[in-house]
Amino acid sequence: AEPILLAWAEEATAEDAVHINNALALCGGEASAKYLAKAAKAVGYTFESTDAYGAYLGLLNGHLMKHAPKAVEKAAKQLMKFDKANVRLAGLDLLVQMHGKETTPLVVKAVADPCHEYRYGAMRLAEAYADDATYAAVAATLPKATNAAKIDVINWLGANHAASQVGAVCTQISNPDVEVAVEAMEAASRIG
């Protein structure tokens with residue numbers, strides 16, 4: 001069905017494109033991924049009436065991940081190169097699903113990102129596999145992190161009750177930035 005759907009997609013109206021894109025997401029292969037990637041990029045990776053971006057993510061997360069993981073990994077790395085936090089997180093999410101703990105360095109790198117949504121989103125994705133080693137790797141960023149990043153890390157450690165990192169959290173109680181210190185106290189109390 002893929003060649004027929006792709007041929008239809010080239011001539012589709014906006015009303016028909018949404019149905020074709022969603023059909024490609026359900027049964028498409030690498031050719032569909034190329035088409036949907038181009039269509040998603042053309043609409044700026046936003047959710048709009050043709051649902052090109054949504055269909056692209058659906059294809060990558062579903063049918064293609066099972067049958068062409070190398071293509072999905074390549075697409076994920078491409079998504080992570082864009083400026084929008086939600087697009088980068090979609091790419092990171094694919095990598096986390098595929099590689100689990102091996103993505104910890106990407107999560108640690110995300111802590112230094114200036115975008116709060118990406119920084120905290122990356123840590124939330126790590127919850128799928130997080131253990132004491134993951135918590136330690138993220139907590140190790142605290143000394144050099146910006147105050148905004150410290151708040152995110154401390155909040156994340158507290159929300160996940162990372163008992164192994166209560167010491168790292170408590171060191172931030174004496175931080176001269178009031179917001180960091182307050183977050184550290186709250187996180188320490190959540191950890192117990």
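The values are calculated or read from the model by the stated rules, or taken from the named source; none is laboratory data. All of these numbers come straight from a predicted model, not from anything done at the bench. Every residue, glycine among them, receives a Cβ derived from its backbone with ideal geometry; neighbour counts consider all protein chains shown. These area figures cover heavy atoms from the full protein model, side chains too; ligands, DNA and RNA do not enter into them. Shrake-Rupley method; radii C 1.70, N 1.55, O 1.52, S 1.80 Å.
Each of the trypsin sites (Lys or Arg not before Pro) that DSSP puts in a loop and that has at most 15 other Cβ atoms within 10 Å breaks the chain; the longest unbroken stretch is 85-192. The distance from the alpha carbon centre of the range 81-135 to that of the range 161-192 is 22 Å, rounded to a whole number.
Summing +1 for each Lys or Arg and -1 for each Asp or Glu, what net charge is found among the other residues whose Cβ lies under 13 Å from the Cβ of I151? Mind dumping the intermediate values first?
Numbers: positive: R119, K150; negative: D152, D177, E179, E183, E186.
Neighbourhood net charge equals -3.
For the chain, the solvent-accessible area with a 1.4 angstrom probe is 51 square angstrom per residue.
The portion of the accessible surface of the chain made up by carbon and sulfur, rounded to a whole percent, is 58 (1.4 Å probe; DNA, RNA and ligands excluded).
Rounded to the nearest 20, the Cβ-based charge dipole of the chain about its Cα centre (Lys and Arg +1, Asp and Glu -1) stands at 580 debye. With the cut-off at under 13 Å, measuring from each backbone N in the range 140-172 to a point 7 Å along the Cα-to-Cβ line of E127 picks out 155-162.
Recomputing Cα extents along the principal axes in Å from the coordinates shown identifies the correct label among (1) 46, 43, 31; (2) 53, 39, 28; (3) 64, 28, 23 as (3). Dividing the helix sum by the residues of the chain, where each DSSP H run of 4 or more adds -39500 (n - 2.57), gives a mean residue ellipticity at 222 nm of -21500 deg cm²/dmol.
Give me the number: length gained by fully extending N61 to A181, i.e. 0.36 nm times residue separation minus the C-alpha to C-alpha distance, one decimal in nm. Numbers along the way, then the final one.
On the way: separation 120, 0.36 × 120 = 43.20 nm, distance 3.95 nm.
Between N61 and A181, full extension yields an extra 39.3 nm.
Here the Kirkwood formula puts the hydrodynamic radius of the range 43-154 at 14.6 Å, using every distinct Cα pair.
At a Förster radius of 25 Å, what calculated FRET efficiency corresponds to the Cβ-Cβ distance of V43 and A1, to the nearest 0.05?
Numbers: r = 24 Å, r/R0 = 0.95.
E between V43 and A1, to the nearest 0.05, is 0.60.
The angle between the Cα long axis of helix 30-42 and the longest principal axis of the Cα atoms of the chain comes to about 70 degrees, rounded to the nearest 10. For the range 1-61, the convex hull spanned by the alpha carbon atoms encloses 63 Å³ per residue. If you wrap the range 111-185 in the convex hull of its Cα atoms and look at it from every side, the mean projected area works out to 4.3 nm².
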